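Trainee: One structure follows; several queries about it will come next.
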Amino acid sequence: MKNLFSLEGRTAIVTGGSRGIGKMIARGFVTHGAKVYISSRKAEQCEETAAELSKEGSCTALPQDVSTVEGCKALAAAYGAQETALDILVNNAGAAWGAEFDEFPESGWDKVMDLNVKSPFFLTQALHGPMKAAATRDKPGKVIMIASIDGIRINPWETYSYQASKAALIHLTRRMAARLVADNIYVSGIAPGAFASEMNRAARDHGDAVAKAVPAGRIGKEEDMAGVAIFLASRAGDYVIGDTIAVDGGIAHSAIGHFGG
């Protein structure tokens, strides 16, 4: 039991790992013993975060834009130049777009759907070989999809492609889990709520106001996100397959609706 949450001896890739939720997860992995590779589109920021996290453990930058299939393959090749096997993949890189219904552009639709749905599939496909090389029944590989509570219930913002993409990712998590379990690779997901990040500027800039709508009475902390990711990645989460866990202080499943009348 004492090593239930240990990540000692495991390697991990966290996309979008230079900031926000990705950085929270990467830090949690590093401090629990994993050898972590972080990837992000902005090379300088990726290198800076890796240097920061390296003070707490092993963290290496692999800058790469994974918004295309070619980019996914390039990241897999860059990782393969340093490692032959992979234990944990966190598909966290994502994008959002907001616009009024009559003005919502095709470019905003495609950018979000490509990065939020297509890229997690094709990056996992590109890393299937090194993940199979590491995975066993006693020590399964882990793929963790970062969805959103916006894929579970709608929000009031006109972020059509974002909300659709996160719902799609939750279902994709189930379908990929059904296939990859045969290779001792367990796929699961996290659906974050209000965490302060560049993606969620409302929580970042107006945390006290946002907290009023959260049953727990606060926005998420770094430990909240790191904790569930460590759980899923470690031995502790070995019996969780295909599920997406809402980490949102109760918004998706415990908030009481208000009805007029």
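Read-outs: derived from the displayed coordinates by stated rules, not from any lab. Note that the coordinates shown come from a computational prediction; the quantities given were computed from them, not determined experimentally. Here the Cβ is made from the backbone with ideal geometry for all residues, glycine too, and neighbour counts use every protein chain on show.
Trainee: Binning at 10 angstrom from zero up to the longest distance, how are the C-alpha pair distances of the chain distributed in percent?
Mentor: In order of increasing distance, the bins hold 7, 31, 38, 18, 4, 1, 0 percent.
Trainee: Under the 0.36 nm per residue contour assumption, what length would be gained going from the current alpha-carbon distance of E83 and D138 to full extension?
Mentor: Extra length available between E83 and D138 comes to 17.7 nm.
Trainee: Still on this structure: Which value in nm describes the separation of the simple spin-label points at R174 and V69, placed 7 Å from the Cα toward the beta carbon?
Mentor: 2.6
Trainee: Compute the angle between helix 69-80 and the longest alpha-carbon principal axis of the chain, please, reported from 0 to 90 degrees and rounded to the nearest 10.
Mentor: Relative to the chain, helix 69-80 is tipped by roughly 40 degrees.
Trainee: While we're looking at this one, here's another question. Divide by every residue of the chain the summed helix terms, -39500 (n - 2.57) for each DSSP H run of at least 4, and state the resulting mean residue ellipticity at 222 nm, rounded to the nearest 500 deg cm²/dmol.
Mentor: -11500 deg cm²/dmol
Trainee: For the stretch 1-41, list residues with backbone N below 19 Å from a point placed 7 Å from the Cα of R235 toward its Cβ?
Mentor: Those under the cut-off are 1-12, 29-35.
Trainee: Oh, and also: Please order H32, H253 by the number of other Cβ within 10 Å, starting at the fewest.
Mentor: If I rank by nearby Cβ atoms, fewest first, I get H253, H32.
Trainee: Ok, one more. With +1 on the Cβ of every Lys and Arg and -1 on the Cβ of every Asp and Glu, and nothing else charged, how large is the dipole of the chain about its Cα centre, in debye rounded to the nearest 20?
Mentor: Value, rounded to 20: 840 debye.
Trainee: Report the one residue of C59, F231, Q125 whose Cα lies farthest in the direction of the positive end of the charge dipole of the chain (charges on C-beta: Lys and Arg +1, Asp and Glu -1; origin at the Cα centre).
Mentor: Farthest along the dipole direction, towards plus: F231.
Trainee: When DSSP assigns beta bridges and you keep just the ones with both residues in the chain, what percent turn out antiparallel, to the nearest 5?
Mentor: Looking only at bridges with both residues in the chain, the antiparallel portion is about 0 percent.
Trainee: What do you get for the angle between helix 20-31 and the principal long axis of the chain? Use alpha-carbon atoms, 0 to 90 degrees, nearest ten.
Mentor: 30
Trainee: Work out the length of the dipole vector of the stretch 97-172 about its Cα centre, built from +1 on the beta-carbon of each Lys and Arg and -1 on the beta-carbon of each Asp and Glu, and round it to the nearest 20 debye.
Mentor: Computed about the Cα centre, the dipole is about 820 debye.
Trainee: Could you work out how far apart the two model spin labels at E223 and N184 are, taking each label as a point 7 Å from the Cα in the direction of the beta carbon, and quote it in nm?
Mentor: Distance between label points: 3.5 nm.
Trainee: Expressed as a whole number of Å, what is the distance separating the alpha-carbon centroids of the stretch 79-140 and the stretch 223-254?
Mentor: What the calculation gives is 18 Å, centre to centre.
Trainee: For labels at E56 and E103 in the simple 7 Å Cα→Cβ model, what's the distance in nm?
Mentor: Result: 4.0 nm between the two label points.
Trainee: Quick one: which residues, 5 or more positions from D243 or on another chain, have an amide H under 5 Å from its amide H? H modelled 1.01 Å from N in the peptide plane, none for Pro or chain starts.
Mentor: Sorted by chain and number, the residues that satisfy this are G189.
Trainee: Tilt of helix 43-53 relative to the longest C-alpha principal axis of the chain, in degrees (0 to 90, nearest 10)?
Mentor: With rounding to tens, the tilt is 70 degrees.
Trainee: How would M131, M24 line up from fewest to most surrounding beta-carbon atoms within 10 angstrom?
Mentor: By the 10 Å Cβ count, ascending: M131, M24.
Trainee: Sticking with this structure for a sec: For a 31 Å ceiling on Cα separation, which of these pairs sit above it: K23/K139; K23/K212; K55/K118; K55/K142?
Mentor: K55/K118
Trainee: Peptides 217-223, 185-191, 116-122, 169-175: what's the order by average Cβ count within 10 Å, highest mean first?
Mentor: Ranked from most to least packed, the peptides come out as 185-191, 116-122, 169-175, 217-223.
Trainee: Could you put T15, T49, T136 in order, starting from the residue whose Cβ has the fewest other Cβ atoms within 10 Å?
Mentor: Ordered from fewest to most neighbouring Cβ atoms within 10 Å, T15, T49, T136 come out as T136, T49, T15.
Trainee: Continuing with this model, one more query. Please give me the summed charge of the neighbours of A255: other residues whose Cβ is under 11 Å from its Cβ, Lys and Arg +1, Asp and Glu -1.
Mentor: 0
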